[in-house]
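Since the structure comes first, as structure tokens, the remarks are kept for the end.
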Amino acid sequence: MENLPQICVDTTDAFMTTERFGTREEVIRWIKEVGINNKLTVIISRSDTETGKRGRSNKVIFGCDKGGKHKISDSGTQSASKKCGCPFKIRSTLAKDGSGWKIDVKCGLHNHGLPDRLEGHSFIGRLTTDEKQHVADLAKRHVAPRHILLSLQDNYPENVTRITQVYKHKSVIQKEIRGPRSEIQHLFKLIEDARYVYWSRKKDDSEVVREIFWAHPDSVKLLNIFPIVLVMDSTYKTNKYRQPLFEIVGMTSTKLTFAVGFAYMESEQTENFCWVLEKLKELFVKKDMCPQVILTDRDLALMKAIEVVFPSSINLLCRFHINKNVGAKCKQHVVNDLQKTIDTLWMEVVWASDEVEYGQRLHQLEQACVDYSGFINYVKDTWLTPHRHRFVGQ
């Protein structure tokens, strides 16, 4: 089998110049600008300064960012590399006549193709000092990364940074603020500085935090004024420790919502939920006070914990989560032509106004799903039989 011809791009002419440069920095700036104009990234492969010792002289050697070979780590893990042994090389030294720095193109060839544009390139997309400060100023004001990127593009038209660089620099800023503290230690510091009400517990005979619950003082006041309805839900795998973030939200008499409290939990077992709800219970000024209605998804462990800690509260299920789950199951079992019809019949069951209408609507749904026993059994066994009193509008 014959070897395929290697790609060859010649950029010699672009870097050929008789110009002399006053300083090393001017040479570096000129070569990198020429590289950007020609859609390639030039890096400094080696830099040396004359010290009077033998073999040391003022020189800068430039190469392509794809030069060199990929080094395989001893760990055995697979990793990708953009290095392909590109031979591109430029040497810059001080001219003997003292006229400044000169440029000598040793090899202007590349063994790879050049991109149509450099937008998003990890090197070209690096933030300048001014751009980093701009990101820091906006991040301090809690501006979303996508809006920070738009602001960068408006204020610095030549900027080709992608949102990845914005996230990376935000991470650097956060590490600088955090200092030697871990994320959990820093969370404790922020909670204490802001005078939050909080509790935490650790694993037996260790410093590992199992759960932490915190609430803002103003949230505690609102909770005691509007204790009637609470909404509870968890987010999944959205933090470094992969712990669930449990959120409790209250509702005012004008149907506005407010955050009551948050908790990081070791796991979503009934015992973990019970601990969090017990701490929530301690936020009420009156000991006999408790929410009348608690809205959740179908998390059986949480529902059990509510029965234990708030036995007099009514636990209703969120229709949004129910309809989302039923819709997903419908797509698995029902042909496309009937999905919309069955979805409509399901919504009529959910919004039935009384027992009679509920029975009629359910019968219509069963008739439509006569060929889809898997779907109708799921709807009845998972939702209607055990939980219809928690969400059907009877």
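The values are calculated or read from the model by the stated rules, or taken from the named source; none is laboratory data. Just so it is clear, the structure is predicted and the values come from calculations on it, not from any experiment. Reconstructed Cβ throughout: ideal geometry from the backbone, glycine too, with neighbour counts over all protein chains shown. Only protein heavy atoms, including side chains, enter the accessible area calculation; ligands, DNA and RNA are left aside. Shrake-Rupley method; radii C 1.70, N 1.55, O 1.52, S 1.80 Å.
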So which residues in region 352-391 are open to solvent by less than 60 Å² (accessible area, probe 1.4 Å), in a loop (DSSP other than H, G, I, E, B) and within 26 Å of L295 (Cβ to Cβ)?
-> A352
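Could you grab me the full set of residues in region 212-226 that are assigned to a helix (DSSP H, G or I) and open to solvent by 30 Å² or more (accessible area, probe 1.4 Å)?
The answer is P217, D218, K221, L222, N224, I225.
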Positions within region 161-176 being among the hydrophobic types (A, V, I, L, M, F, W, C), under 28 Å from N37 (Cα atoms) and surrounded by fewer than 17 Cβ atoms within 10 Å (Cβ to Cβ), in sequence order | I163
Subset of region 172-209 (residues that are touching a strand residue (DSSP E or B) at 6+ places or on another chain (Cβ under 8 Å), under 14 Å from Y264 (Cβ atoms) and of a type in the set (A, V, I, L, M)) | I184, L187, I191, V208, V209
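Among the residues of region 6-57, write down those that are among the small types (G, A, S) and in contact with a strand residue (DSSP E or B) (Cβ under 7 Å, 6 or more places away or on another chain).
Across region 6-57, the qualifying residues are G35, S45, S47, S57.
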Are any residues in region 14-23 outside any loop (DSSP other than H, G, I, E, B) and either within 36 Å of the chain's Cα centre (by Cα) or surrounded by fewer than 17 Cβ atoms within 10 Å (Cβ to Cβ) (or both), and if so, which ones?
-> A14
Contact list, first residue from region 201-214 and in contact (Cβ under 8 Å) with a residue 12 or more places away in the chain, second anywhere and exposed (fewer than 13 other Cβ atoms within 10 Å of the Cβ) and assigned to a loop (DSSP other than H, G, I, E, B), beta-carbon distance below 6 Å, six or more apart or interchain, is R210/K203
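Would you tally the residues in region 168-205 being on the phi > 0 side of the Ramachandran plot and assigned to a helix (DSSP H, G or I)?
0
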Filter region 186-210 down to residues that are surrounded by 15 or more Cβ atoms within 10 Å (Cβ to Cβ), more than 23 Å from Q174 (Cβ to Cβ) and touching a Lys or Arg at 6+ places or on another chain (Cβ under 8 Å), then give me how many there are.
-> 2
Of the criteria (1) polar (S, T, N, Q); (2) over 27 Å from T11 (Cβ atoms); (3) modelled with pLDDT of 85 or more, which one T51 fails | (3)
If you take the residues of region 97-117 that are in a strand (DSSP E or B) and within 12 Å of D10 (Cβ to Cβ), which of them is least open to solvent (accessible area, probe 1.4 Å)?
-> H110
